[in-house]
1. Answer yes if at least one residue in segment 230-237 is in contact (Cβ under 8 Å) with a residue 24 or more places away in the chain, within 22 Å of residue 348 (Cβ to Cβ) and among the aliphatic types (A, V, I, L, M), and no otherwise.
2. If I go through segment 67-93 residue by residue, how many of them are open to solvent by 10 Å² or more (accessible area, probe 1.4 Å) and either under 26 Å from residue 8 (Cα atoms) or among the polar types (S, T, N, Q) (or both)?
3. Can you pull out the residues in segment 154-211 that are aromatic (Phe, Trp, Tyr) and open to solvent by 20 Å² or more (accessible area, probe 1.4 Å)?
4. Go through the residues of segment 134-157 one by one and say whether even a single one is closer than 29 Å to residue 14 by Cβ, within 13 Å of the ligand (Cβ to nearest atom) and of a type in the set (D, E, K, R).
5. Looking at segment 420-452 only, could you name the residues that are within 11 Å of the ligand (Cβ to nearest atom), of a type in the set (A, V, I, L, M, F, W, C) and assigned to a loop (DSSP other than H, G, I, E, B)?
6. With the structure loaded, tell me whether residue 80 is more than 27 Å from residue 453 (Cβ to Cβ), touching a helix residue (DSSP H, G or I) at 6+ places or on another chain (Cβ under 8 Å) and more than 16 Å from the ligand (Cβ to nearest atom) or whether it fails that test.
7. Are there any pairs, at least 6 apart or on different chains, whose C-beta atoms fall under 8 Å, with the first in segment 281-305 and farther than 21 Å from residue 315 by Cα and the second in a loop (DSSP other than H, G, I, E, B) and among the basic types (Lys, Arg), and if so, which?
8. Just to verify a result, which residue in segment 316-342, among those that are open to solvent by less than 50 Å² (accessible area, probe 1.4 Å) and assigned to a helix (DSSP H, G or I), is farthest from residue 247 (Cα to Cα)?
Amino acid sequence: MIEVRDPATLEVVGSVPAQGAAEVDAAVAASRAAFQDWRWVSANERADLLHEAAGRTAAAADDLVGLLGREQGKPRSEQEEEIEWTATPLRYYAELARNGRGRVLPSGEPRSQLNLVLKQPLGVVAAIAPWNYPLLLASWKVAPALAAGNTVILKPSELTPLATIEWVRRCFDHLPEGVLQVVTGYGAQAGDALVRHPGVRMVAMTGSVATGQAIASVAAPMMKRLHLELGGKDAFVVAPDADPAAAVEALAYAGMLNAGQVCTSAERAYVPAALHDEIVDRLAATVGGLRLGHGLAEGTDLGPLINAPGRDKVERHVADAVARGARVVTGGRRPEGLPGWFYEPTVLVGVDHDMAIMTEETFGPTIPVMPYRDIGEAIDWVNASPYGLGATLRSTDPATIKRFYEEVEVGTVWINDPLTDNYAGPFGGTKMTGGARELGEEGLDAFLDTKHVHWDLSDRPKDWWYPY
Ligand code: NAD
């Protein structure tokens, strides 16, 4: 069994089986059997079933929030948003798939031939989720995969399996048996067994680059379809024309949401040299005033980090920066009197690109701020990262905005309003972040196979056949 701990109190709040190859074998067999019928369920009927799941998700919100609050730790309002964002893709993909289309092409022999492009389900999909948004990121895979007619085996993170199990049990038990299953366990056991299983046609995973590489090294030689949403080092750029006060509010939100444990957290800020001191002062005042506490407690702005290795990494990055000459303006240590994996919201100045905190994913409540000379320099710095997930710009100048969104090497750009999602549009990254796109039409297409049918309606031999 794997014990699940509350990261704010370190109490054990549940346990799940550490499953492996044997349980995965059984799950894949059940999933393959279920696919034989599920693929022929009409898109309209599947849509109704997914709408029902969305309604049940919303109705289960209170219980799911309680579980998420204990195993993951984000503040209550963020948990409530997560449940809402978990239900919405079920509705969105129900409708998108209901309106799914292939194509009929002009053919070489228009009187007697048809060319059809079909969009078909693949079969068994393994959906592997991380711990930072356990339900939301599961839903971004489960909803399109099921809507497309696949069957799904979902593996939650071993750190946050409890809300996921409850979600699937409560909200999907009206689906035919085997269509959606959960396996629990460690990545290197349950996760790896799913990736290796020849009966699994596709692996959709959100997580770190290292895990993405481990999965790709197994799945690529098997020619499995891979859908990898990996880490980032997102930059937040304040343009010279931006209002510093509003920019700071946006930056504090983008850097501190979920204690900085968002794949698109603002992990480095570039500001005009002339505005640097004002922005740093305002930022220190804003984030220094955030209240740390248990996610389920009233008045909490910031929960804990997920575990000891998570906090160790943040401490290592801050210590490395300070050793290389950076200065902590606020935060930079563990708070007193809180038993969990807390770390104070932190602002650093005097940073440069030799420091891990400016180049590696920190995944914590830290905002290092660096001044730039001109916007071209800031864009070059954005692009110097091996990651390519998102980037934010604060500006109202059209020329600056256009230059920024044209030139930055990322999959998601926010102008002025960071970290918003729109279910009708794709989310994802490029470069080492992996090329997958979730949400939008792209997020459904990822779970469909394309088949081109060449159909001659006659059975007459052709004059280009043998003998010439
Ligand atoms: P992780 O890579 O440690 O784990 C992700 C999942 O993969 C877990 O379920 C884990 O058990 C599983 N896993 C681990 N090793 C495996 C293996 N060898 N084979 C199969 N499965 C395996 O990531 P995490 O710590 O849970 O999540 C944080 C990371 O996720 C960060 O790097 C963050 O940037 C990234 N992330 C990316 C996005 C995005 O959309 N790009 C969104 C959220 C989080």
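1. yes
2. Result for segment 67-93: 10.
3. Within segment 154-211, just 186 meets the criteria.
4. Yes, segment 134-157 contains at least one residue that is closer than 29 Å to residue 14 by Cβ, within 13 Å of the ligand (Cβ to nearest atom) and of a type in the set (D, E, K, R).
5. Result: 432, 436, 439.
6. yes
7. Sorted first by the residue in segment 281-305, then by its partner, the pairs are 295/74; 299/291; 300/291.
8. Step by step, filter segment 316-342, then rank; the result is 320.
The values are calculated or read from the model by the stated rules, or taken from the named source; none is laboratory data. Treat the numbers as computed from the prediction; the structure is a model and nothing was measured. Don't worry about glycine lacking a Cβ; one is built from the backbone with ideal geometry, like all the others, and counts go over all protein chains shown. All accessible areas refer to the heavy atoms of the entire protein, side chains included, with ligands and DNA or RNA removed. Shrake-Rupley method; radii C 1.70, N 1.55, O 1.52, S 1.80 Å.
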